[in-house]
Amino acid sequence: MRLYKYLSSAHKLFTDGLIRVSQPSVLNDPYEAFFDRKAVEELLLEASYHGPEDMGWALEEIESTISKTGVISLTQSYDNLLMWAHYANEHRGLVVGFNVIDDCDFFVELFPRINEGSLSQCFGEGPIGSPVYNGQLDSIKYQKQPAFRLDTYEYPWDELSAGDTDLIARHSFLHKSDEWIYEKEHRYIIHLEQADVVKIPESTSESHDGGKLVRGCVGLLGDSAEYVYCYDGKAHEFNLYMIEDSPTRQLVAKLLSGLSHYSDVIYCMRINTGLISACILGESFDLSKQSKALDGIDNTNVFNRHGDFFKSKRSTFSYQLDFDNISRDDIVQ
C-alpha cells in the first residue's frame with residue numbers, strides 16, 4: 001500500500017530520514033484527541049478497581065499522556081486541492097509517497113515507551129513496557145460524536161489493566177469529525193518520549209521553564225556534541241537515538257516531552273528512506289530555484305523502476321490536478 005505525506009519542504013527527510021511527530025499544540029483541529037469525559041468516567045467505573053475517588057487522578061493522567069503524544073499523518077490521496085493548499089505551502093511544497101508494507105519497518109528503530117503513569121501502578125503493579133505505542137499504523141475513524149461515546153464496543157474496555165492510560169490516550173487520536181473525511185488519513189501514533197531527535201529553538205531555550213529544562217538535559221548528557229548540538233549557544237538539537245544507555249535516554253526523553261506545549265519544539269523520528277517511492281512536486285514548486293530542497297532524494301527509491309517522480313499542474317478542463325512525469329535530470333544542480 002502506498003500512502004502519502006504533504007510537506008512544505010523535505011527538510012532532512014531525504015538526507016537524514018527525519019520526519020516530524022506533531023504534538024497536539026501544532027495540530028489544526030480543535031477537537032484533536034478530544035474525548036467525552038463522562039463516557040470515560042463511566043468506562044473506568046466499570047473496571048473493578050476504579051472507584052469515584054480515582055476519577056480526577058485518572059482523567060488528569062489521560063490528559064497528561066495526550067499532551068505528550070504525537071502523530072505522523074499520512075493519506076491515501078495525493079491530488080487533493082485542499083491538502084495541497086493547507087499542508088504543502090499552497091502548492092509550493094511537495095508530496096512524498098511511502099510503500100507501507102510492515103508497520104515496524106517504517107521506523108529505523110522504535111524506542112520502547114515505559115508507562116510510569118498507568119492506573120494500575122497506583123494499585124501496586126509498577127511500571128511496564130507499554131505495548132500501546134508500538135509503531136502500529138491506524139486509519140482514522142470519522143464520526144459525529146467524540147471518542148468513547150459511540151465506540152466503547154471496539155475494545156474490551158472492561159479488561160483495562162497496566163498501560164490503560166496509554167491505551168485510552170492513544171485511542172483518542174483515532175477519531176475525528178466526519179467533516180475531515182476528505183483527508184483519508186492514516187496515522188502512526190507515537191509517544192514523544194520515543195522521539196529520536198528533539199529540536200529546541202532559541203525562543204524556547206531562553207524561556208524560563210524551557211531554559212531550565214534544557215540546561216538540566218545538557219547537564220545529564222555532559223559536553224558530548226554527539227548527543228546534543230548547540231547553535232550559537234542558544235538553539236539545541238538532542239540526538240536521543242545516539243544515547244546507548246537506556247535509562248539515561250529514558251530520563252532525558254521524559255524531560256524533553258514536557259516541552260510539548262511549545263509549538264516551535266520539533267520532535268522527530270528516523271524512518272527508512274528506502275520506503276519512499278514517490279515524490280510529487282507542487283504546481284508552484286520552482287525546480288530552477290528549489291532544487292536544494294531535493295538534496296538526498298537519491299537515498300530513496302523514487303528513481304527505481306517502481307518509483308514515481310511527478311510535477312503537478314492545473315488541469316485546463318476541471319478543478320483538479322494533472323501530473324507530468326519528470327526525471328532525475330530535471331533537478332538543477
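Spin-label pair M55-Y182: with each label point 7 Å from Cα along the Cα-Cβ axis, the two points sit 4.0 nm from one another. With both residues required to sit in the stretch 276-333, DSSP beta bridges show an antiparallel share near 55%. With 25 Å as the limit on Cα-Cα distance, the pairs of K5/K68; K176/K292; K38/K176 that go past it are K176/K292. Going by Cα centres, the stretch 1-24 and the stretch 265-333 are how many Å apart? Computed from Cα coordinates, the inter-centre distance equals 12 Å. Each label point was placed 7 Å from the Cα along the Cα-to-Cβ direction; for I101 and D322 their separation is 3.5 nm.
The packing ranking, built from the mean of other Cβ atoms within 10 Å per residue, places the peptides 305-318, 183-196, 254-267 in the order 183-196, 254-267, 305-318, highest first.
One chain, two ends: L82 and S315. Fully extended at 0.36 nm per residue, the span grows by 82.3 nm beyond their Cα-Cα distance. For Y31 and K12, the difference between the fully extended length at 0.36 nm per residue and the C-alpha to C-alpha distance is 3.8 nm.
Read the figures in this text as sums done on the coordinates, not as results from a lab. Remember, predicted model here, so these are calculated numbers, not experimental data. Counting neighbours? That spans all protein chains shown, and the Cβs are built from the backbone with ideal geometry, glycine included.
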